[in-house]
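The values are calculated or read from the model by the stated rules, or taken from the named source; none is laboratory data. Only a predicted model underlies this, so the values are computations on that prediction, with no experimental measurement involved. Cβ coordinates were reconstructed from backbone atoms using ideal geometry, including for glycine residues, and neighbour counts include every protein chain displayed. These area figures cover heavy atoms from the full protein model, side chains too; ligands, DNA and RNA do not enter into them. Shrake-Rupley method; radii C 1.70, N 1.55, O 1.52, S 1.80 Å.
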Amino acid sequence: EVGTRPFSVVECVCNPNQPQSKEGLHRNICLYTGTLNEEFGIKELVDAFKLIENAELWICGEGNTKDYILEQTINYGNIKYFGYLNREEIHRKQDECDFLINPRRPSGTYTMYSFPSKTAEYMMTGKPVIMYKLEGIPDEYDEYLNYLHTKESSEIADELKTIFASKYDDLAAKGAKARDFMIDNKSSKITAERIVDFLNNSSK
């Protein structure tokens, strides 16, 4: 237990050399890259896109919902599965998409302490990011992320439709600001300096 002792939380460190993604295809393409396990909300996200006509969901990864996802791609042309890709291939998909999305929901005790690494990776692309507000995400990130709030597929679909109906230039500007925020505040150099300052001040 920390108790009354001084402490500092470092939720992530970004790579400032990660290149900004290129402009997308302007087809409301949402890209998810990661584990495809049902407990992470991927099934509900897929079902939500079955209710949306003017958007596509691109999925990369492996997990226990893979077979279900493949079944949906047969009947729904806007749901596309690309398998398990290497980092270079993922970066190419990030160039082509319009949004980065993470369906992990704030359910389960572990999410109180969870800051998904893909949050930092997504923000560094400069693309708009859609995700849930997990308890482990500091409030300073709120102005740079587009949050979902519901869990049922039909409600998720409605929230996504609202986002897609927004002016994309404004969403893209928000994504660009998210990248700037990460570079200015979460780089390895800046984080290391803050840790050193914290240790020096704590020892006085």
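Points to keep in mind about this one:
- Contour excess over end-to-end distance, with Cα ends at Ile190 and Glu38 and 0.36 nm allotted per residue: 51.1 nm
- Between Lys50 and Asp180, the modelled labels are 4.2 nm apart [label points 7 Å from Cα along Cα→Cβ].
- Among the chymotrypsin sites (Phe, Trp or Tyr not before Pro) in region 8-94, those located in a DSSP loop and surrounded by at most 13 other Cβ atoms within 10 Å of their own Cβ are Tyr84.
- Label point at Gln20 placed 7 Å out along Cα→Cβ; residues across region 160-185 whose backbone nitrogen lies under 13 Å: 172-184
- Taking Cα centre as origin and charging only the Cβ of basic (Lys, Arg, +1) and acidic (Asp, Glu, -1) residues, the dipole magnitude of region 87-194 rounds to 280 debye.
- Each label was represented as a point 7 Å from its Cα along the Cα-to-Cβ direction; for Glu89 and Phe7 these points are 4.1 nm apart.
- For the chain, the carbon plus sulfur part of the accessible surface works out to 48%, probe radius 1.4 Å.
- Inter-label distance, nm, simple model (7 Å from Cα along the C-beta direction), Tyr147/Asn75: 3.4 nm
- Mean residue ellipticity (222 nm) of the chain, computed from DSSP H runs ≥ 4 via -39,500 (n - 2.57), nearest 500: -12500 deg cm²/dmol
- Working ranking of peptides 154-166, 123-135 by packing, defined as the average number of other Cβ atoms within 10 Å per residue, highest first, is 123-135, 154-166.
- In the list [x] 61, 27, 14; [y] 28, 22, 16; [z] 32, 19, 16, the label attached to semi-axes √(5λ) of the Cα gyration tensor in Å as derived from the coordinates here is [z].
- Taking amide H positions as modeled 1.01 Å from N, with prolines and chain starts lacking one, the residues under 5 Å from Ser187 and 5 or more places away or on another chain are Cys14.
- Surface analysis of the chain yields an accessible area of 53 Å² per residue, using protein heavy atoms and a 1.4 Å probe.
- Entries in Lys80/Lys186; Lys22/Lys174; Lys43/Lys167; Lys22/Lys43; Lys93/Lys151; Lys43/Lys186 that, when Cα-Cα distance is taken, lie over 24 Å: Lys80/Lys186; Lys43/Lys167; Lys22/Lys43; Lys93/Lys151; Lys43/Lys186
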